[in-house]
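The values are calculated or read from the model by the stated rules, or taken from the named source; none is laboratory data. Here the structure is a predicted model, which is why all the values come from computation and not from measurement. Here Cβ is always computed from backbone atoms with ideal geometry, including for glycine, and neighbour counts include all displayed protein chains.
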Amino acid sequence: MKGHFKKRGEKWYFWAELDPGPDGKRRQVSRGGFRTRREAEAGFAMYRDEVRRGGHVDTSRVRLQEYLVDEWLPAIKASVKESTHAHYRRNVRQHWSPAWARSACRLCRPPR
């Protein structure tokens, strides 16, 4: 992973070049606010190590319903009662489905 460093005003920043995304586009992450270049280099080293360990979470544009159904509901299943999980699942289906989102926004619809 390559890192680039730059001073803006009184603070130092780094940019990390990540592997290309699934669509082949270039990906970069930047962090800033370091007092010295040495601190920025140390911050980059910590970030690089985090990525290598698999601790880096890639931010992506996932729809809320997809996140709730595919990630959140399965993740909490072991930590809540079955009835609670069923309640959450029902609420996600009823309140976060695309059909609900289109029909629920009365303010978005023109008056009749």
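Please find, within the stretch 1-39, the residue that is surrounded by the most Cβ atoms within 10 Å (Cβ to Cβ) out of those that are under 24 Å from the mean Cα position of the chain (by Cα) and of a type in the set (D, E, K, R). Only one residue fits best here, namely Arg31.
Gly33: on the phi > 0 side of the Ramachandran plot and assigned to a strand (DSSP E or B), yes or no? Considered against the rule, which asks whether it is on the phi > 0 side of the Ramachandran plot and assigned to a strand (DSSP E or B), Gly33 comes out as yes.
Here is a yes/no grid of residues against (1) modelled with pLDDT under 85; (2) part of a strand (DSSP E or B):
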position	(1), (2)
Lys6	no, yes
Tyr13	no, yes
Glu39	no, no
Asp49	no, no
Glu66	yes, no
Asp70	yes, no
His87	no, no
Val92	no, no
Ala101	yes, no
